[in-house]
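Visitor: Handing you this structure, nothing more for now.
Every number in this text was worked out from the coordinates using simple rules, so none of it is lab data. Remember, predicted model here, so these are calculated numbers, not experimental data. All Cβ positions, glycine included, derive from the backbone under ideal geometry; neighbour counts span all protein chains shown.
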Amino acid sequence: MDRPAATFTSRVYEIVRRIPAGRVATYAQIARLAGHPGAARAVGNALHRNPYNDPQEIPCYRVVNSQGFLSGAYAFGGPCIQRDLLRADGVEVLNLRVDLERYQWKNVDCGP
């Protein structure tokens, strides 16, 4: 039987893999989709422990805070790297912030 933390972390990675290029999701949004509303900080911790050193495997850089700001502790090298990866995806980033009205993933396809 899986440990609850391991199951949660696996679910977070599964959801983050579904965020399409050109879109972002918030930590709280990922927590809700993983079945743990209110666990936004735990999502951040799970993403920080991402075992892959490849942002294309688990595109953690597509996750931002609830106001659209990039993460100061981004696992792949800080907010400037996160900004560059998002821009390469076609997401406009101004002052280390993403317009959630325009770029937030609506997670229409979040089934198994």
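Visitor: Where in the chain lies the longest segment free of trypsin sites (Lys or Arg not before Pro) that are both loop residues by DSSP (not H, G, I, E, B) and have at most 13 other Cβ atoms within 10 Å? All intermediate terms of the calculation are to be shown ahead of the outcome.
Guide: Values: sites that count: ARG49, LYS106.
That gives 50-105 as the longest site-free run.
Visitor: For VAL24, which sequence-distant residues (separation of 5 or more, or a different chain) have an amide H within less than 5 Å of its own amide H, given hydrogens modelled in the peptide plane?
Guide: Excluding prolines and chain starts, which carry no amide H, the hits are GLN104, TRP105.
Visitor: What's the local net charge at ALA31, with K and R +1, D and E -1, over the other residues with C-beta under 11 Å away? Don't skip to the end; give the middle numbers.
Guide: Numbers: positive: ARG11, ARG32, ARG41; negative: none.
It works out to a net charge of +3.
Visitor: Same structure again: Using only helices, what value at 222 nm comes out for the chain when you add -39,500 (n - 2.57) per DSSP H run of length 4 or more and divide by the total residues, to the nearest 500 deg cm²/dmol?
Guide: Counting only the DSSP helices, I get -11000 deg cm²/dmol.
Visitor: Determine ³J(HN,Hα), in whole Hz, for all residues of segment 56-68 in sequence, where each value follows from phi through the Karplus function 6.51 cos²θ - 1.76 cosθ + 1.60 and θ = phi - 60°; x replaces Gly and Pro.
Guide: With coefficients 6.51, -1.76 and 1.60, one gets 7, 5, 10, x, 4, 5, 8, 10, 10, 7, 5, 9, x Hz.
Visitor: Another question, then. If you take the charge dipole of the chain about its Cα centre, with +1 on Lys and Arg Cβ and -1 on Asp and Glu Cβ, which of GLN82, LEU94, THR7 is farthest toward its positive end?
Guide: THR7
Visitor: Here's a follow-up. What is the order of GLU14, GLU92, fewest Cβ neighbours within 10 Å to most?
Guide: Ordered by Cβ neighbours within 10 Å, fewest first: GLU92, GLU14.
Visitor: Computed from the mean reciprocal separation of all distinct C-alpha pairs, what Kirkwood hydrodynamic radius does the chain have, in Å?
Guide: On the way: mean 1/r = 0.0724 Å⁻¹.
Over the chain, the inverse of the mean reciprocal pair distance is 13.8 Å.
Visitor: Which ³J(HN,Hα) values in Hz, rounded to whole numbers, follow from the phi angles of segment 16-29 under the Karplus curve 6.51 cos²θ - 1.76 cosθ + 1.60, where θ = phi - 60° and Gly and Pro get x?
Guide: Values per residue, Gly and Pro as x: 4, 4, 8, 5, x, 4, x, 10, 10, 10, 9, 4, 5, 4 Hz.
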